[in-house]
Amino acid sequence: MGDQLMAAGLAKGAKARGKRIAFGDGATIKWDHYSEQIFRGNPNIARPGDEGASDLEWINFYRGNRLYNVQAGDKWKWNYEFKAIPGELFFSHEEDKFAQHFGEGYIVVEPNVPDKTVAPNKQWSTHRYDKVTKQLVKNGYSVVQFYSVGTKHLIPGAIKIKTPTFRHAARVLKNAALYIGPEGGLHHACAAVGIPAVVLFGGFIPPAVTGYSFHTNLTGGADACGSLHPCAHCAEAMAAISVPDVMNAALEHLKVAA
C-alpha cells in the first residue's frame, strides 16, 4: 500500500495540467493487486486500458521498478535522489460514514509489520509498544489499534477497531491526532491524510527516502543497511529506540496539536 501512496504523490496535480499519470514502462500501464484500492477515485491517475489516451504522462514507477531502490545482492541499495511526496486518497461517502462512528482525536498505534523476509528488521518490540500505550492511556489519551483476521499482536488497553479494508483504516486515521508505528503503509497514509506520526524506521530503510519532514522518524542512530534478511545491525538499531524516545516525540506532537 505504501508504494501505491508514494505513486499517488508522484501523480499530484496532473489533472490540473490536463494530464493523467500512467505508471508503467511507456507502453503498458502496470498496476498490481494493491493499486486499484489506493488509486480509486483519483483523477490524476490513468487506469490499465487507457494506454492510447492523448493526455498521458508516463512515470516508470511500478512493481519491480520502484525508483527509490534497486536490489544489490541480498540488500536494497537506496536511491537518495528519491524523496517521498505525500500521496492522496479520495474517500467514498461510505468510508466517511464508517469513520464517523469512532470520533476523533485518538492516537493510532500499530505494533505489527507485514510478514516478509525483512519483517524482523522493521519490528520494534511489541512489549515496548504495550508500554507506550499504557503510558499514553495513563496520561488520559485514547489509543486505537486496527485489526483484522490474523492480526498477530493486540495491544492491551487499546481500543480495537476492525477495519474491513486499508481504505477504511486510512479514513479512520484521518481523524486521529497521531500515529505511532513502523515505516510502511500506515505511515504513508498518515502523510496522505495530513496527520503527524512517530515512525520507527530503525536501520533498514532511510527516512531521507521514504520519510516525511512533518513526522518524527526514529532510526536508533543507525544508517540504513537495506538487508533483505534479518540482521544484527537492524536489531541493534531498533533496540536503541527507547520507550522514552517514542513518548517524548509523541508528546511533542500532541502538544503542537493541542
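Only the coordinates and a few stated rules stand behind these numbers; no lab work does. What you see is a predicted model; the values in this text were computed from it and never measured. No Cβ is skipped: glycine too gets one built from the backbone with ideal geometry, and neighbour counts run over all protein chains shown.
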With the charge dipole of the chain built from beta-carbon charges (+1 for Lys and Arg, -1 for Asp and Glu) about the Cα centre, the Cα from ALA84, ALA27, LEU154 projecting farthest to the positive end belongs to LEU154
Convex hull of Cα atoms in the chain, direction-averaged projection (nm²): 14.1
For a quick check: with amide H placed at 1.01 Å from N, whose amide H comes under 5 Å from LEU178's, ignoring anything fewer than 5 positions away on the same chain? VAL108
Relative to the longest principal Cα axis of the chain, at what angle does helix 126-138 sit, 0 to 90 degrees, rounded to 10? 70
Once phi for every residue in the range 23-33 is put through the Karplus expression 6.51 cos²θ - 1.76 cosθ + 1.60 (θ = phi - 60°), the whole-Hz ³J(HN,Hα) values, with Gly and Pro written as x, are 8, x, 9, x, 10, 10, 6, 10, 9, 10, 6
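Over 32 Å between Cα atoms, which of LYS15/LYS122; LYS77/LYS152; LYS75/LYS162; LYS77/LYS255 qualify?
Among LYS15/LYS122; LYS77/LYS152; LYS75/LYS162; LYS77/LYS255, the Cα-Cα distance tops 32 Å for LYS15/LYS122; LYS75/LYS162; LYS77/LYS255.
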What net charge is computed for the residues neighbouring ALA189, neighbours being all others with C-beta under 13 Å from the C-beta of ALA189, Lys and Arg scored +1, Asp and Glu -1? -2
What's the magnitude of the charge dipole for the chain around its Cα centre, counting Lys and Arg as +1 and Asp and Glu as -1 at the beta-carbon? Answer in Debye, nearest 20. 380
Report the local net charge at CYS234: Lys and Arg +1, Asp and Glu -1, summed over other residues whose C-beta lies under 15 Å from its C-beta. -1
Formal net charge of residues neighbouring PRO48 (Cβ-Cβ distance under 12 Å; K, R +1; D, E -1): -2
